[in-house]
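Colleague: Before I ask anything, here is the structure I am working with.
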Amino acid sequence: MPGPEFTPSPSSGRRALSVDDYVAGVRAGDRATVARAITLVESRKAEHRAQAQDMLVRLLPHAGAAHRVGITGVPGVGKSTFIEALGTYLTGQGRKVAVLAVDPTSGRSGGSILGDKTRMTALGQDANAFIRPSPSAGTLGGVARATRESMVVVEAAGYDVVLVETVGVGQSEVTVAEMVDLFLVLMLPGAGDELQGIKKGILEIADLLVVNKADGDNRPRAMKAMREYKTALHILQPPDPNWTPRVLTCSALAQEGIDDVWKTVEEHRQALSQATVGGMDAFHAKRGGQQVRWMWAMVRDRLMTALEESPSVKARASALEAAVATGETTPALAAERLLEAFEAG
Ligand SMILES: Nc1nc2c(ncn2[C@@H]2O[C@H](COP(=O)(O)OP(=O)(O)OP(=O)(O)O)[C@@H](O)[C@H]2O)c(=O)[nH]1
Ligand SMILES: [Mg+2]
C-alpha cells in the first residue's frame, strides 16, 4: 500500500523476517518489506542492530545510484508543497522517489511529514513514491544514523531519487547536508535583505537556493530576493570548490520552475563527476569523505556512551564534578582522573 508506512517494531505481531527475507524483499522493491527494513534500522535494540548491520552490508553493493537531495527551509516556506511538486514531477519522468525526514523534535507522533499528508496527497498515493516520516529516536545523532541507513535500504530497493527533508532545528541542517549530494534551501520571497531569520550559516552549506512562492503578487519580490541572495552568495566561500551555488525561483503551488530545479540538480552531479579530487572524481570523493566523517562521528558517539555508562566513571563523576565546581581541583586534572577511571574499566 502506498503512503507513509510505519511499524512500532520490526517483528510486532508479524512473522519475524530473516536477513535473507529482508534482503530479498528490499531488492524486489516490496514496499512492506522496505518499510519493515527501515523499522529495523531505526531500532536501538542490540539484536536488531546486529541484524540491521548484516542486512545493510548485503544491501550496500546495490545502493548508491540515487540522487540524494537535502531540503530545508523555515516553517511555512513550502517544503511539503515543494516535495509534492518535485516528487510528482520526478515520478512523471519515470523515476522512483523516496522521501525521508530528519526531525529530532518529532517525538512519538510520527514526524512532521505525516502531519503534512494533506499537502502530499498525490505523492502519498503514487506507486513510485515512498514517504517515510522521521524516526522518533530522539537525539539528532540517532535520527541521522537511522536516516542514513534508511537511505541504503531505499536505494537498494530501486528508488533513484532520495529527498531528505529537515525542519532546520539546531544542527539538523548541517547533519543532513553531510548525508546528501546536494543541499537545497527554500527561501521566502521579499525578505532577502534581512535573511528572514534563517541562520546565516545555512548559506554556507547551500548548494542551491530556491525562492519559493514566486507567483501572483509575490513574483517581483521573489526576483528581488533572488538577486539579493546571488549577491550574498557571491561574497561567501562556496561549500564545494567544484560548484558555485545557484539561486532560482519557483512556485511549488503552481508547479512552476520545478523542472529548472531538477535540471540544476543534474548539472551539479555532472559538474562534480567531471572534476577530479585526489585521483578520483569529485562526486565520489564527496560521498567517500562523508562516509569517513560519519564513521568517526559514530566512534565518538560510541566512546562517549561507553564513558558515560562506565561504572568506574560513574563512581567518581559526582565527587570530581563537585571538586571542579568549587575550585578544589582543575577541570584538566579531573578530566585526567575520569579518563583513568574509564581506562581502568
Ligand atoms: N502562493 C504560494 N503558496 C505556497 C507555495 N508553496 C507553498 N505555499 C503555501 O504555503 C503554506 C505552507 O506550505 P507548506 O508546504 O506546508 O510549508 P512547509 O515548509 O512544509 O511548512 P512546515 O511543515 O510547517 O515547516 C501553505 O498554505 C501552502 O499552500 C507557492 O509556491 N506559492
Ligand atoms: Mg511541511
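Colleague: Taking the condition of being at pLDDT 95 or above and in contact with a strand residue (DSSP E or B) (Cβ under 8 Å, 6 or more places away or on another chain), how many residues in the stretch 61-77 meet it?
Modeller: Looking only at that region, the number is 6.
Colleague: Continuing with the same structure: Within the stretch 74-91, is there a residue that is closer than 20 Å to Ala129 by Cβ and more than 16 Å from ligand 1 (Cβ to nearest atom)?
Modeller: yes
Colleague: Right, another one. Would a scan of the stretch 269-289 turn up a residue that is modelled with pLDDT under 95 and of a type in the set (D, E, K, R)?
Modeller: no
Colleague: Report whether or not Thr91 is open to solvent by less than 30 Å² (accessible area, probe 1.4 Å) and either at pLDDT below 95 or of a type in the set (Val, Ile, Thr) (or both).
Modeller: For Thr91, the condition - open to solvent by less than 30 Å² (accessible area, probe 1.4 Å) and either at pLDDT below 95 or of a type in the set (Val, Ile, Thr) (or both) - is met.
Colleague: From the residues in the stretch 111-145 that are open to solvent by 20 Å² or more (accessible area, probe 1.4 Å) and within 11 Å of ligand 2 (Cβ to nearest atom), which one is modelled with the highest pLDDT?
Modeller: Arg119
Colleague: Yes or no: Gly13 surrounded by 19 or more Cβ atoms within 10 Å (Cβ to Cβ) and at pLDDT below 95? So that I can check it myself, show each step before the final result.
Modeller: Values: surrounded by 19 or more Cβ atoms within 10 Å (Cβ to Cβ): no; at pLDDT below 95: yes.
Criteria not met by Gly13.
Colleague: Residues in the stretch 47-100 that are more than 15 Å from ligand 2 (Cβ to nearest atom) and not small (Gly, Ala, Ser): how many?
Modeller: 25
Colleague: Here is a further query. Out of Gln274, Gln270, which single residue is closer than 27 Å to Glu149 by Cα and free of Cβ contacts under 8 Å to residues at least 60 places away in the same chain?
Modeller: Every option except Gln270 fails the conditions.
The values are calculated or read from the model by the stated rules, or taken from the named source; none is laboratory data. As the structure is a prediction and not an experimental result, all values here were calculated from the model. Neighbour counts are summed over all protein chains in view; Cβ atoms, including those assigned to glycine, are modelled from backbone coordinates with ideal geometry. What goes into the accessible areas is simple: the full protein's heavy atoms, side chains included, and nothing from ligands, DNA or RNA. Shrake-Rupley method; radii C 1.70, N 1.55, O 1.52, S 1.80 Å.
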